Every structure is written in C-alpha cells, then in structure tokens.
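Trainee: Quick one: this structure, given as structure tokens, is what I'll be asking you about.
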C-alpha cells in the first residue's frame with residue numbers, strides 16, 4: 001500500500017486527471033482520482049461526480065491501511081459501432097502498474113454483466129472492445145452513455161474504476177411512428193389555428209438527432225417548430241381559410257431531418273381532411289316550377305318532382321322537402337309531398353271549376369345543426385275538361401198566356417250557364433218540337449226570351465209542355481233539358497151556339513099554364529164566365545098578337561114555359577126568338593128562332609050547322 005501511495009505522490013500535484021487526447025484517432029483517455037469512492041455518483045445525464053485534491057487522500061489511505069484500497073478512476077471515450085477488438089486504452093499503463101506483474105496479480109475486470117462488452121489483456125493491460133457497441137441499446141434515452149467497469153489487481157489488493165463513454169454515431173434515420181397521418185379540420189376554422197403534429201424520433205443524440213422539419217409546397221398551411229428542451233415539436237398552422245366544397249383533402253409531406261453527415265430524413269404523409277359544416281343551403285334546380293294538370297286526374301298521379309341539392313356532406317347535405325308553413329289547408333287536402341323524393345302527387349279530387357291554379361310553396365331543409373332552408377314555388381295550372389252539363393234557369397213571367405196574345409209576347413226569360421271554360425262552356429239553346437213559341441237571343445250571351453210566334457187558340461190547344469235543350473261545344477258535347485208548362489188562358493172569343501137553329505116546336509093544344517113546353521140550349525166553348533150562358537126572349541111590343549107575353553124562359557137553363565093554354569082552333573102557329581148571352585166582358589150573344597106549331601086535340605063536339613032549330617041553333 002505504501003508503495004502505491006509513493007507512486008501516486010510522484011505524479012503531478014493537484015488533481016490527478018489526465019487528458020491523453022486521441023489515440024489512434026479513436027480513443028480519448030482521462031485519469032482522475034476520487035478520494036471518497038462512496039461519494040462516487042452518476043449525474044442525471046450519466047456524468048461523473050466530483051474530484052478532490054490529493055491532500056484529502058492521505059488521511060483516508062492511512063485510515064484504511066489494513067482494508068480495501070481505493071485506487072484511481074479512469075475514463076475513456078469511444079464511438080459506437082467500432083470494430084470488435086478495437087483498443088480503448090492501456091489501463092495498466094494509465095494506472096502506472098507494472099505490466100510484468102499483471103499476470104501474477106490477477107489483473108481482471110470484475111464489474112457487472114456489461115463487462116462482456118470489453119475485455120482486458122492480462123499480459124499488457126490493454127482494454128479493447130469485445131462486443132458490438134450500440135449506444136442506443138445500451139443507453140437509450142441518455143444523452144451521455146457511460147459504461148462503468150471495476151478492475152481488480154491483487155497482492156496488494158487494488159480496485160480501479162474505469163468509465164467508458166460511448167459517443168453517438170449517426171447510424172439511425174429519423175422515424176415517424178406512422179407513415180401516414182390524417183388530421184381533421186373543420187372548414188370554418190379561422191386562419192392562425194395550430195395543430196400539433198406527430199414528431200419524428202431519432203435514437204441518435206446531439207447533432208445526429210432530429211434538427212429540423214419542412215413541409216411540401218401548399219397554399220393553405222405553414223409549419224411552425226416549437227422547442228421544448230432538446231425536443232422539436234412540429235405544428236401545422238392554418239394560413240388560409242378552407243372550403244370543403246372546393247377541396248376535401250389536402251395532401252402534405254412532412255419531412256424530418258437530422259444534422260448528421262450524411263443527412264438522414266424521414267417522411268410523414270399528412271392528409272388534412274376538411275370537415276364539413278352546414279355552410280351551404282339546399283339549392284333548387286328552379287326558383288319556380290310550372291306544370292299543367294288536367295282536372296279529374298286519378299289519385300296518386302305524380303304532378304311534378306322538385307329537386308334541391310346541397311353540396312355539404314353527410315347530414316348537412318341530406319335534403320328533406322315540405323310544404324311552406326302558411327300553405328292553405330285545402331291545398332293539403334288535394335296534394336301530397338314526399339319528403340325524401342320531392343314528388344308532388346294528387347291526393348284529392350281536382351276540380352277546375354273550384355280553382356284553375358294552385359300556388360304551392362315548397363321548402364327544402366338539410367339535416368344540419370342548425371338546419372338551413374331554401375324555398376321554391378310550384379304553379380299548378382288546372383286544365384279544364386268538359387265535365388259539367390249546361391244549366392238552364394227559367395224566369396217565368398206568367399204561367400198563363402192569354403190566347404189572344406200578340407206575336408212576340410214574352411212568356412219567360414231563359415238563362416243558360418256552363419261553368420266549364422272555353423268551348424266547353426259555350427252553349428247553344430233551342431226548343432224541341434213544333435210549338436207556337438220561339439227563343440229570341442238577348443244582347444247578353446246565353447240569355448234568351450221565350451216568345452209567341454203564332455196565334456194561340458185555347459179552344460184548340462189549352463196547354464203546352466215546352467222542352468228546352470242546351471248543348472255545349474265540348475268534346476264530347478254535354479246537354480241539359482228543361483220543360484216548361486204553359487197554360488193558355490181563355491178570352492171571350494166564342495159566341496154561344498145553339499144546338500139547332502131555327503127550332504120547330506110542335507105543341508099540343510090545351511097545355512097546362514105554367515108548365516115547361518120546351519127547352520133551348522146554347523154552348524159556349526170559352527171557359528168560366530166566358531162560357532156561362534143566360535137566356536132571354538126577345539119581346540114584342542106587347543099587343544094582342546104578341547105571343548111572347550105568354551111565354552117565359554128560365555135564364556139559367558133555357559126552359560121555356562107557357563103562361564096560358566093554347567087553343568088550336570084559335571091559334572095554329574106562331575114564332576119567337578130566344579137570345580143566349582155569355583158572361584164575358586164584353587159579352588157575346590146569339591139567338592135562335594123558335595117556330596111553334598099548335599097541334600089539335602079532339603076537344604070539340606060536332607056542331608050541326610044546318611038545318612037550324614026553332615031557337616036558331618043547329619040541331
């Protein structure tokens with residue numbers, strides 16, 4: 001032990017640390033002495049602890065003179081991946097050991113499982129590489145890679161600590177965890193937004209690790225690097241607003257490069273997918289849709305199909321259709337709208353006469369949150385078909401027409417209507433059959449007057465059923481009929497007529513006074529008062545020979561009675577006149593002459609005229 005201390009004292013005073021520089025272009029050796037090996041510590045990055053001066057060594061050496069002797073510490077440096085057998089340094093020489101005694105003193109490495117990486121030659125004390133040195137495997141995560149070895153010699157016992165620093169070589173390329181990365185960005189993201197990108201990893205350290213990033217050329221993005229300690233974190237920075245409808249995917253290449261020589265790099269294929277927002281309204285192919293639809297079409301007939309498109313995607317681009325909120329409820333009873341296809345179908349009975357045009361407001365809404373809506377108008381023009389018959393309306397001035405009416409006398413006013421349109425609503429009107437009436441067109445279309453065209457005779461025809469036909473000009477034409485009942489009223493235009501004229505009456509003499517001897521009867525073809533006949537006898541002047549004074553006639557029934565008994569022997573014949581008068585205004589009358597012949601009866605005994613008796617009478 002004393003000899004070892006003496007050998008140390010022969011060295012330069014102060015710190016026992018030697019930088020021997022490069023050896024064969026590979027090795028760098030540093031010799032140092034630690035007075036208190038129990039204070040030997042590794043820094044956070046694998047660096048050694050402190051060194052003390054020689055003045056603190058002597059008391060310590062004498063204190064432990066009969067125990068383990070702590071000797072010097074040596075530090076070597078070598079690059080990784082050197083060839084096997086490469087010399088690290090001559091430990092025996094650097095420690096001042098006698099090379100010739102190394103075998104006898106059992107010069108050897110006794111430290112940990114990593115001693116297999118190195119070996120010492122017991123003949124010359126040279127430390128060389130025994131296995132491949134991969135710094136990333138041995139010291140992953142440490143900037144400084146230090147391998148600690150413990151070398152022992154005996155007789156006397158010495159323990160020496162050897163540290164080998166393995167320096168980095170640029171034997172790795174930067175590497176991304178994934179080859180491809182998809183980043184989703186909404187299209188309403190404002191410029192200046194930053195998105196952290198996955199960084200590349202390089203097991204190398206220092207200048208051989210990742211030093212910078214770059215982007216492929218593009219119009220919307222920029223690259224920003226943020227340093228955190230020794231790490232460089234790439235950020236994607238939005239420079240220009242995105243529009244999914246113009247471009248959905250943006251393909252970029254992020255390149256990570258180290259600072260080694262030669263430079264090594266890795267690429268990350270970055271795809272920026274622009275997420276849709278509901279920034280587009282549905283768009284109808286037309287603002288106004290127009291269609292012609294015949295009335296009376298079958299139910300479920302497709303009227304028209306509206307179509308709106310939305311360039312957004314997903315629910316933002318899914319369009320649903322509906323009627324406008326203020327649509328007439330009656331329209332909803334006639335038409336239906338498929339919310340998915342935009343087909344408008346007939347739901348109820350379409351009648352041109354109720355409405356000839358329908359205006360429907362249709363809205364298209366997407367399913368975004370919130371949804372956007374647009375509108376269009378659908379004009380449905382109804383085309384008329386000849387489905388309505390004409391209608392005849394009669395305004396009858398009088399149901400009784402006097403038989404003495406003049407030609408052109410207005411009987412009724414006729415109005416004809418047809419609620420169809422065009423030729424379907426144009427009507428011609430006429431009378432059926434041969435009647436003494438006609439239709440006179442009015443100055444107003446489809447208005448007529450029913451007038452007399454011939455002289456009427458109630459006694460010939462007292463009642464007319466007049467049939468009116470109205471026919472439109474549609475295809476096929478439709479007709480309507482109307483029957484008017486016209487009664488011809490009576491006027492006093494007929495004289496009473498006796499059944500025979502003159503009348504011969506044969507009357508037996510000796511009739512009873514006051515008895516009816518005869519009846520006269522006159523008929524009048526008129527009606528009512530115009531036909532009510534009364535009778536009277538035309539009287540003479542009332543002389544002795546006026547037989548009418550002895551006759552009486554019942555004015556109501558024409559029964560004639562004699563007020564005296566007639567005697568054939570006195571009066572053989574006579575005549576008188578009976579007048580029949582109706583009750584019309586003015587009244588009409590006629591007379592009949594009645595010739596009366598008295599018939600003889602055997603009412604007288606024979607009388608002897610000659611010879612005369614003595615008293616002057618016939619015997």
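Trainee: Take the alpha carbon atoms of region 379-423, find their center, do the same for region 503-518, and report the distance between the two centers in whole angstrom.
Mentor: Result: 66 Å between the Cα centres.
Trainee: What full-extension length gain, to one decimal in nm, is calculated for residue 207 and residue 356 as 0.36 nm per residue of separation minus the Cα-Cα distance? Provide the component values of the computation, followed by the final result.
Mentor: Details: separation 149, 0.36 × 149 = 53.64 nm, distance 8.67 nm.
Net length gain for the segment: 45.0 nm.
Trainee: If you rank 549, 430, 228 by fewest surrounding Cβ atoms within 10 Å, what's the result? List each step's numbers first, then the result.
Mentor: On the way: 549 16, 430 12, 228 7.
Fewest to most other Cβ atoms nearby, the residues stand as 228, 430, 549.
Trainee: Right, something else. Find how many whole Å separate the alpha carbon centroid of region 545-587 from the alpha carbon centroid of region 175-192.
Mentor: Value for the Cα centre distance between the two parts: 141 Å.
Trainee: Ok, one more. Counting other beta carbons within 10 Å of each residue's own, what order do 519, 499 fall into, fewest first? All intermediate terms of the calculation are to be shown ahead of the outcome.
Mentor: Numbers: 519 15, 499 10.
Sorted ascending by nearby Cβ count, the order is 499, 519.
Trainee: Relative contact order for the chain: what percent, with Cα pairs under 8 Å and sequence separation of 6 or more? Before the final figure, lay out each step's value.
Mentor: On the way: 1414 pairs, mean separation 41.0, N = 619.
Value for the chain: 7 percent.
Trainee: So how much slack lies between residue 263 and residue 294, counting 0.36 nm per residue of separation and subtracting their Cα-Cα distance, in nm?
Mentor: Numbers: separation 31, 0.36 × 31 = 11.16 nm, distance 8.13 nm.
Length gained between residue 263 and residue 294: 3.0 nm.
Trainee: Moving on to the next point. How would you order 95-103, 128-136 from highest to lowest mean count of nearby Cβ atoms within 10 Å?
Mentor: Details: 95-103: 15.1, 128-136: 17.8.
Ranked from most to least packed, the peptides come out as 128-136, 95-103.
Trainee: Another question about this same structure. Sort 257, 447 so the one with the fewest other Cβ atoms within 10 Å of its own Cβ comes first. Numbers along the way, then the final one.
Mentor: Values: 257 18, 447 15.
Taking fewest neighbouring Cβ atoms as first place, the list is 447, 257.
Trainee: I need the Debye-formula profile for region 283-383: one equal scatterer per C-alpha, no solvent, reported as log10 I(q)/I(0) at q = 0.14, 0.24 1/Å, two decimals.
Mentor: Ignoring solvent entirely, the Cα scatterers give -0.52, -1.27.
Trainee: So what is the relative contact order of region 391-489, in percent, for Cα pairs below 8 Å that sit 6 or more residues apart?
Mentor: Values: 226 pairs, mean separation 32.9, N = 99.
Dividing the mean separation by the residue count of region 391-489 yields 33 percent.
Trainee: Could you check the simple spin-label distance between residue 532 and residue 487, using points 7 Å along Cα→Cβ, in nm with one decimal?
Mentor: 1.8 nm
Trainee: Quickly work out the residue 216-to-residue 510 label distance, labels modelled 7 Å from Cα along the C-beta direction, and quote it in nm with one decimal.
Mentor: So the label points at residue 510 and residue 216 sit 16.4 nm apart.
Trainee: Could you state the principal axis extents of the C-alpha atoms in the chain, from the largest down, to the nearest angstrom?
Mentor: Projected onto the principal axes, the Cα atoms of the chain cover 256, 45, 34 Å.
Trainee: Report the full-extension gain for the segment residue 190 to residue 600: residue separation times 0.36 nm, less the Cα-Cα distance, to one decimal in nm. Mind showing how you got there, number by number?
Mentor: Working: separation 410, 0.36 × 410 = 147.60 nm, distance 15.19 nm.
Taking 0.36 nm per residue and subtracting the Cα distance, the gain is 132.4 nm.
Coordinate-derived values only; no laboratory data. Because the structure is a prediction, the values reported are computed rather than measured. Backbone-built Cβ (ideal geometry, glycine too); neighbour counts: all protein chains shown.
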